[in-house]
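Colleague: Sharing a structure below in structure tokens format, with a few things to ask.
Every number in this text was worked out from the coordinates using simple rules, so none of it is lab data. This is a predicted model, so every value here is computed, not measured. Don't worry about glycine lacking a Cβ; one is built from the backbone with ideal geometry, like all the others, and counts go over all protein chains shown.
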Amino acid sequence: MTKINEPNPTVPGALAVDRYVQFWNAATPEAQQRLAAEAFADDVSSHVPVAVMRGVEELIAFRNQFAHHFPDYRFQSRTEPDTHHDRARLQWEIVVGGQSFAAGTDVLELDDAGRITEITGFLDQAPEGFDPHAHE
């Protein structure tokens, strides 16, 4: 069963995860820009099965490309995030048309301000027909 969790604002890692989830679900370009500035360090890097991205603009472009193909998607937490020191682990699910499209785990590294500096992502349930090792 999918459960959407409320963030715990007393835990910096939990706040970073909440901003990260909100970024992926931003409804307007203005909200997306604001959330990106809150969530990510300028030099953020992302290493996920589909791409290696560097910088906020590449993450925004990737998110927009995905939203263009799946305009009704929802990115959500599957469990309460795990946090310690400058790391957070998010187990997520992408739902498209009311059905699970993909699920994965992202490990987030945070700076002293609580912004994400690095994302390492893994697919726990790849989309149908997707080879998560095709990039290797």
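Colleague: Taking all pairs of distinct Cα atoms, average 1/r, flip it, and tell me the Kirkwood hydrodynamic radius of the chain in Å to one decimal place.
Modeller: Result for the chain, one decimal place: 15.0 Å.
Colleague: Counting DSSP beta bridges with both partners in the stretch 12-125, what percentage is antiparallel, nearest 5?
Modeller: 90
Colleague: Between residue 33 and residue 120, what FRET efficiency comes out of the Förster formula 1/(1 + (r/R0)^6) with R0 = 25 Å and r the beta carbon distance, rounded to 0.05?
Modeller: 0.55
Colleague: So for each of 61-73, 80-92 I average, over its residues, the number of other beta carbons within 10 Å; can you give me the resulting order with the highest mean first?
Modeller: Answer by packing, highest mean first, reads 80-92, 61-73.
Colleague: Another question, then. Packing-wise, with mean Cβ within 10 Å as the measure, how do 42-48, 29-35 rank, highest first?
Modeller: Going by the mean number of other Cβ atoms within 10 Å, highest first, we get 42-48, 29-35.
Colleague: In deg cm²/dmol and to the nearest 500, what is the mean residue ellipticity at 222 nm of the chain if only DSSP H runs of at least 4 residues count, each as -39500 (n - 2.57), divided by the residue total?
Modeller: -9000 deg cm²/dmol
Colleague: For the stretch 12-125, calculate the relative contact order in percent as a whole number, restricting contacts to Cα pairs under 8 Å that are 6 or more residues apart.
Modeller: Once divided by the residue count of the stretch 12-125, the mean separation gives 28 percent.
Colleague: Take the Cβ-Cβ distance between residue 131 and residue 86 as r, set R0 to 35 Å, and report the resulting FRET efficiency rounded to the nearest 0.05.
Modeller: The formula returns an efficiency of 0.60 here.
Colleague: Using Cβ contacts closer than 10 Å as the measure, can you line up 75, 130, 40 from fewest to most?
Modeller: The most exposed by this proxy come first: 130, 75, 40.
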